[in-house]
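A.B. asks: My questions all concern the structure below.
The values are calculated or read from the model by the stated rules, or taken from the named source; none is laboratory data. Small disclaimer: the values here were computed from a predicted structure and weren't measured. Here the Cβ is made from the backbone with ideal geometry for all residues, glycine too, and neighbour counts use every protein chain on show. Remember, those area values only see protein heavy atoms, side chains included, never the ligands or the DNA or RNA. Shrake-Rupley method; radii C 1.70, N 1.55, O 1.52, S 1.80 Å.
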Amino acid sequence: MASELDRLSPKLQQELLQFQQIQQQAQMIVQQRLQMELQLKETEKAIEEVSKLKGTPEIYKNIGPLLIKSSKKDVSEELAEKKETLELRIKTDRKSVV
């Protein structure tokens, strides 16, 4: 393959390199979007599960390697905020790619 590249003009070699870089960037963007969409689905599922809880249940949330006791209200608010942030990031990402 190296000998084939050597036969290309320097300008074409540069354009090929730029194309490969753009292709890698596009793959990274797609991967990031998929991760955000997965996080959004997980957050929506967590919101659904928390909303099913009755009374004042004991809820624990991860903070690094720790589990911290929290209230249903606080967890619900944090999840709603996370959902809103993810939706905004996904929407912004879609607009920037188009």
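A.B. asks: Taking the Cα centre of the chain as the origin, how large is its charge dipole in debye, to the nearest 20, when only Lys and Arg (+1) and Asp and Glu (-1) carry charge on their Cβ atoms? Kindly include the intermediate steps, with their values, before the conclusion.
C.D. replies: Numbers: 17 positive and 16 negative charges, 45 e Å.
It works out to roughly 220 debye.
A.B. asks: Compute the length gained on full extension between Val30 and Ser9: take 0.36 nm times their separation in residues and subtract their Cα-Cα distance, giving the result in nm to one decimal.
C.D. replies: Extra length available between Val30 and Ser9 comes to 4.4 nm.
A.B. asks: Once amide H atoms are placed 1.01 Å from N in the peptide plane, what residues at a sequence separation of 5 or more from Ile59, or on another chain, have their amide H within under 5 Å of its amide H?
C.D. replies: Residues meeting the criterion, in which the H sits 1.01 Å from N, are Ser70.
A.B. asks: Provide the solvent-accessible area of Glu4, counting protein heavy atoms only and rolling a 1.4 Å probe, rounded to the nearest 10 Å².
C.D. replies: 110
A.B. asks: When only alpha-carbon atoms count, how far does segment 53-98 stretch along each of its three principal axes, as whole angstroms with the largest first?
C.D. replies: Projected onto its principal axes, the Cα set of segment 53-98 covers 45, 26, 12 Å.
A.B. asks: To continue, here is another question. What do you get for the angle between helix 72-97 and the principal long axis of the chain? Use alpha-carbon atoms, 0 to 90 degrees, nearest ten.
C.D. replies: It works out to around 20 degrees.
A.B. asks: Go ahead and estimate [θ] at 222 nm for the chain from helices alone: -39,500 (n - 2.57) per DSSP H run with n ≥ 4, summed, over the residue count, rounded to 500. It would help to have the intermediate numbers written out before the result.
C.D. replies: Details: 3 runs with 74 residues, N = 98.
Helices in the chain give a 222 nm mean residue ellipticity of -26500 deg cm²/dmol.
A.B. asks: What is the Cα coordinate range of the chain on the first, second and third principal axes, sorted by size from largest, in whole angstrom?
C.D. replies: 74, 30, 15
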